[in-house]
Amino acid sequence: MKLSLGKIPINILKEVVFKHLGMQREEVVLGPTAGFDGAVIDVSDKSLIVSMDPITGAIERIGWLAVNINANDVATFGVEPEFFSSCILLPESADRKSVETICIQMDKAAKDLGMAIVGGHCEVTPGITNPIVIGCAMGITEKGNYVTAGEAEPRDKLILTKSVGIEGTAILASDMEQQLKKAIEISVLEKAKGFFNQISVVKEAMTAIKTGGVNAMHDPTEGGIFGGIHEMVDASNLGVKVLEEKIRVQFETIKICEFFKIDPLQLISSGALLISAKPELAEKIAKHLEEERIHASVIGEFCENPHMRIMIKRNGKAQNLRKPLSDHLWLALSKKVV
C-alpha cells in the first residue's frame with residue numbers, strides 16, 4: 001500500500017512503529033503514543049519533556065518554523081521550552097548562504113523564546129529538492145508537574161485560540177504567491193504571509209496553565225483543527241461535540257482555501273491551541289487569553305461516549321466530525337493551477 005503525503009496512518013503507527021521501540025526503561029513515563037506530541041522522561045525529581053518534528057512543507061522561514069513548531073509541542077504540556085537541537089538536510093543546490101539563512105532564523109526564534117540551541121547536524125543530502133529541518137525541543141519541570149493531550153475529561157469545554165489554518169495560510173501565501181496573486185490582492189497575500197508571526201503558542205499555553213483548570217492541551221498541526229481534535233479525543237478516549245459557528249477562520253485563510261479548493265478546517269494549524277478546560281474555569285481562561293490579546297473561544301465540549309464525534313453546522317444540523325486522510329496543505333501544493 002502506497003502511503004499518502006504527511007503523517008502515516010494511525011494503524012501503521014500501532015502495528016509497526018510502536019512495536020519496535022528498543023528497551024523499556026523505567027525513566028520513560030510517556031513514550032510514543034498516538035495523539036501525544038512529546039515524551040516524558042523522569043530524571044531524579046524532575047520531568048524532561050521532549051518533542052521532535054520535521055519542517056517539510058515550507059521553504060520560507062524554515063529554520064524559524066523548526067524552532068517554534070517543536071517549542072509548541074513542549075508548551076502544550078504546560079512546560080516552558082528551554083533547549084533545541086536540529087538536523088538540517090540540504091539539497092545539492094545549497095550553498096553557504098542557505099546554511100546561514102536557516103541558522104540565523106533558528107537563532108532569532110530561539111532567542112525570542114529564551115531557548116538554547118544545544119547541538120545537531122547539518123549536511124547536503126542527495127535526492128531532495130528542498131531543505132528539510134528536523135527539530136527537537138526540550139523543557140524541564142518538577143516531577144509530574146505537566147498536562148498531556150490525553151487528560152481531557154467528560155463535560156470539559158474545548159477552547160480554541162486564534163484561528164484555524166494559520167501555518168498553512170502563511171506557507172501557501174509565501175511559497176505559492178505567483179499562483180495566488182493571479183486571483184487574490186497583494187495586500188491580502190502580504191497579510192497572510194504575516195501569519196508566520198502567530199505560530200508560537202508558548203504564550204497562550206503558559207497563560208492558560210497559570211490560570212488553572214486546564215486538563216489537557218494540544219496544538220493542531222497536520223490535519224488541521226479536525227485532525228487535532230481527533231488526536232485529542234483519541235488520546236483521552238472520549239467523544240466531542242463541536243460548534244462550527246464558534247470556529248474562527250480568518251479572511252485571508254478563507255480566500256486562499258477557496259483558491260485551492262481545500263478545507264481550512266483540515267489545513268495545518270500550528271499557531272492555534274486546543275485547550276480542554278474544567279467547565280467552571282473555561283470562560284476565565286478565555287478571558288485571561290483575551291487580556292493578553294490572544295483571541296479565544298469555547299468551540300465545543302467533550303463527551304463520555306468515544307464514538308460520539310460530531311460537529312453542529314451553522315444551520316443547526318449535526319454531522320460526523322471528519323477525520324482527515326491527509327493535510328490539505330499537501331493537496332494545495334500538489335495542484336497545478338493555470
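A quick yes/no check of all residues on (1) over 17 Å from the mean Cα position of the chain (by Cα); (2) under 25 Å from Asp175 (Cβ atoms); (3) not assigned by TED's automatic domain parsing to the domain that holds Asp327; (4) not small (Gly, Ala, Ser):
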{"residue": "Ala34", "(1), (2), (3), (4)": "no, no, yes, no"}
{"residue": "Asp45", "(1), (2), (3), (4)": "yes, no, yes, yes"}
{"residue": "Asp53", "(1), (2), (3), (4)": "no, yes, yes, yes"}
{"residue": "Thr56", "(1), (2), (3), (4)": "no, yes, yes, yes"}
{"residue": "Ile62", "(1), (2), (3), (4)": "no, yes, yes, yes"}
{"residue": "Phe77", "(1), (2), (3), (4)": "no, no, yes, yes"}
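Inside the range 156-225, counting only helices (runs of 4 or more DSSP H) that do not spill past its ends, which hold 3 or more residues that are more than 21 Å from Leu267 (Cα to Cα) and either modelled with pLDDT of 95 or more or assigned by TED's automatic domain parsing to the domain that holds Pro81 (or both)? Quick ask: steps written out before the conclusion?
Details: elements: 166-175, 177-180, 186-193, 202-211.
Where helices (runs of 4 or more DSSP H) fall fully within the range 156-225 and carry at least 3 residues being more than 21 Å from Leu267 (Cα to Cα) and either modelled with pLDDT of 95 or more or assigned by TED's automatic domain parsing to the domain that holds Pro81 (or both), they are 202-211.
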Flag for Asn320 being in contact with a strand residue (DSSP E or B) (Cβ under 9 Å, 6 or more places away or on another chain), assigned by TED's automatic domain parsing to the domain that holds Gly227, farther than 28 Å from Thr56 by Cβ and without any contact (Cβ under 8 Å) to a residue 40 or more places away in the chain: yes
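When you check Asp42 against the structure, is it in contact with a helix residue (DSSP H, G or I) (Cβ under 6 Å, 6 or more places away or on another chain), not polar (S, T, N, Q) and not in a helix (DSSP H, G or I), yes or no?
On the way: in contact with a helix residue (DSSP H, G or I) (Cβ under 6 Å, 6 or more places away or on another chain): no; not polar (S, T, N, Q): yes; not in a helix (DSSP H, G or I): yes.
Answer is no for this residue.
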From the options Ile12, Ile49, Ile8, residue that is within 29 Å of Asn145 (Cβ to Cβ) and among the β-branched types (Val, Ile, Thr): Ile49
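So which of Val79, Val133 ends up being crowded, with 19+ Cβ neighbours inside 10 Å and part of a strand (DSSP E or B)?
Values: Val79 fails: part of a strand (DSSP E or B).
Answer to the check: Val133.
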Any hit, the range 2-12, residues being surrounded by fewer than 21 Cβ atoms within 10 Å (Cβ to Cβ), at pLDDT 95 or above, more than 19 Å from Asp234 (Cα to Cα) and among the basic types (Lys, Arg): no
Conditions (1) touching a Leu at 6+ places or on another chain (Cβ under 9 Å); (2) modelled with pLDDT of 95 or more: number failed by Leu238: (1)
Any chance Ile117 is surrounded by 13 or more Cβ atoms within 10 Å (Cβ to Cβ), in contact with a Pro (Cβ under 7 Å, 6 or more places away or on another chain) and not assigned by TED's automatic domain parsing to the domain that holds Thr207: no
Residue within the range 69-89 that is within 30 Å of Cys303 (Cβ to Cβ), small (Gly, Ala, Ser) and in contact (Cβ under 8 Å) with a residue 24 or more places away in the chain present: yes
Filtered residues of the range 273-301 (kept if within 19 Å of Leu321 (Cβ to Cβ), among the small types (Gly, Ala, Ser) and touching a Ser or Thr at 6+ places or on another chain (Cβ under 6 Å)): none
Residue match in the range 318-334 (condition: basic (Lys, Arg) and at pLDDT below 95): yes
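Do we find that Gly227 is touching a residue at least 12 places away in the same chain (Cβ under 8 Å), on the phi > 0 side of the Ramachandran plot and buried (at least 20 other Cβ atoms within 10 Å of the Cβ) in this structure? Explain how you work it out, then say what you get.
Details: touching a residue at least 12 places away in the same chain (Cβ under 8 Å): yes; on the phi > 0 side of the Ramachandran plot: no; buried (at least 20 other Cβ atoms within 10 Å of the Cβ): yes.
For Gly227, the condition - touching a residue at least 12 places away in the same chain (Cβ under 8 Å), on the phi > 0 side of the Ramachandran plot and buried (at least 20 other Cβ atoms within 10 Å of the Cβ) - is not met.
How many of the residues making up the range 45-64 are assigned to a strand (DSSP E or B) and either modelled with pLDDT under 95 or surrounded by 15 or more Cβ atoms within 10 Å (Cβ to Cβ) (or both)?
As a first pass, look at the range 45-64 and keep what is assigned to a strand (DSSP E or B): 46-55.
Next cut, either modelled with pLDDT under 95 or surrounded by 15 or more Cβ atoms within 10 Å (Cβ to Cβ) (or both) only: 47-55.
Matching residues across the range 45-64 total 9.
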Test: residue in the range 234-257 that is assigned by TED's automatic domain parsing to the domain that holds Trp330, under 16 Å from the mean Cα position of the chain (by Cα) and surrounded by 23 or more Cβ atoms within 10 Å (Cβ to Cβ): no
Residues located in the range 254-274, provided they are closer than 15 Å to Glu185 by Cβ and in contact (Cβ under 8 Å) with a residue 60 or more places away in the chain: Lys255, Ile256, Phe259
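The values are calculated or read from the model by the stated rules, or taken from the named source; none is laboratory data. Just so you know, these numbers come straight off a predicted model, no measurement behind them. Heads up, the Cβs are rebuilt from the backbone with ideal geometry, glycines too, and the neighbour counts pull from every protein chain shown.
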